[in-house]
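Step one of this worksheet: look at the structure below.
Nothing in this text is a laboratory measurement; each read-out follows from the coordinates by a stated rule. Quantities reported herein were computed from a predicted structural model and do not represent experimental measurements. For neighbour counting, all protein chains shown are included, and Cβ atoms are generated from backbone atoms with ideal geometry for every residue, glycine included.
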Amino acid sequence: MICPLCASKVEECPEVNARMVIVRGLPGSGKTTYAHQVARRIGGVVLEGDQFFTRESGYQYQSRLSDIAHAWRAPSAAYWLYRGVPVIIAGTMTQRWEVLKYAEIAERMGCPWSVIRCSGKFGTVHPVPVEKQAQMAAQWEDFDGEMTDEQGGINERPY
């Protein structure tokens, strides 16, 4: 595979540090905490919908803007991967297509990617109604090859 950054073989590219880690789980499962731990370990940036809603005055979620907040992550991920920076995407992503949307970006950028599912029961810090959390749990789809946060590793996909 040819690196889109420097046109060399990916194995020889000095920019190969770029990779994507997709961290998903239900509300209160520890996604944000885990994503930031991974970012510190590999020197990456975390992109999550909550960042969109955070202002100087604090977190101000607005459901009418939720689709925009989620759409913001994809071009932001491409921006950082293009610059050789590892990207950690954190979000609920209960269905496979939501994960594949980010995996496809990583593949187009010539970067390895992995999926980690958080399964903690820490309680959410956001005002997500219990009914909505149950709905998310009911529509959960497993993703082949994903690791769990208990496994602790980053299972990169081959090039």
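Annotation: amide H-H contacts under 5 Å for MET147 (H modelled 1.01 Å from N, sequence separation of 5 or more, or interchain): VAL115, ILE116, ARG117. Converting phi to 3J(HN,Hα) with the Karplus coefficients 6.51, -1.76 and 1.60 and the offset θ = phi - 60°, the range 29-41 yields 8, x, 4, 4, 4, 5, 4, 5, 5, 4, 4, 5, 5 Hz in sequence order, with x at every glycine or proline. Here each label is just a point 7 Å from Cα along the line to Cβ, and for ARG96 and TYR79 those points are 3.2 nm apart. Based on alpha-carbon atoms, the Kirkwood radius and the radius of gyration of the range 19-66 give Rg/Rh equal to 1.00.
Calculated from the alpha-carbon coordinates, the range 10-148 shows an Rg and a Dmax of 15.0, 50 Å respectively.
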